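Single-structure report; data block below.
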Amino acid sequence: MSLKHDLFDALARARMISEPMIIVEGKDDYQIYQSIADIVKPNLEVYQADEFENYEAGCKGVIKCLEVLQPKFEERPDNIRKVLGIIDRDARPYRNDLPTHLKGLFVTKYYSIEFQI
């Protein structure tokens, strides 16, 4: 049984050490973004959505994490500079199901970034 992180503790840690965190869909995304982070900003924390207690992998997990964090962004505006959730562009734009209202969400240009690298 693996230990899960608490989403709010991860945000608090990002604030305390003044290093942002990225939440990605799964292990393939994790490997890509962690490799980028190691070059650009080595202290950047990259998490898979399902590493958090009660969250699933995939875009639904990333979106749910950001939905839960929205009040924290309102409560303390500088929190938004500590969190970025990244999802691949999939069928959501075509279904008009892209949650563009969420602060901290970045949607890649491609359906799957793993296939573009």
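Where a number appears in this text, it was derived from the coordinates with a stated rule and is not lab data. Treat the numbers as computed from the prediction; the structure is a model and nothing was measured. Cβ placement follows ideal geometry from the backbone for every residue including glycine, while neighbour counts extend to all protein chains displayed.
Restricting attention to region 65-107, the residues being assigned to a helix (DSSP H, G or I) and out of contact with any strand residue (DSSP E or B) (no Cβ under 7 Å at 6 or more places or on another chain) number 17. Scanning region 23-43 for residues that are loosely packed, with under 14 Cβ neighbours inside 10 Å, charged (D, E, K, R) and more than 18 Å from LEU11 (Cα to Cα) returns LYS27, ASP38. When region 1-18 is limited to residues that are of a type outside the set (Gly, Ala, Ser) and in contact (Cβ under 8 Å) with a residue 60 or more places away in the chain, the one that is surrounded by the fewest Cβ atoms within 10 Å (Cβ to Cβ) turns out to be PHE8.
The residues on offer are VAL62, VAL46, and the sole one that is within 11 Å of the chain's Cα centre (by Cα) and in a helix (DSSP H, G or I) is VAL62.
Being surrounded by 14 or more Cβ atoms within 10 Å (Cβ to Cβ) and in contact (Cβ under 8 Å) with a residue 60 or more places away in the chain is a property that VAL46 lacks.
Does ILE80 meet the test of being β-branched (Val, Ile, Thr), surrounded by 12 or more Cβ atoms within 10 Å (Cβ to Cβ) and without any contact (Cβ under 8 Å) to a residue 40 or more places away in the chain? So ILE80 passes the test.
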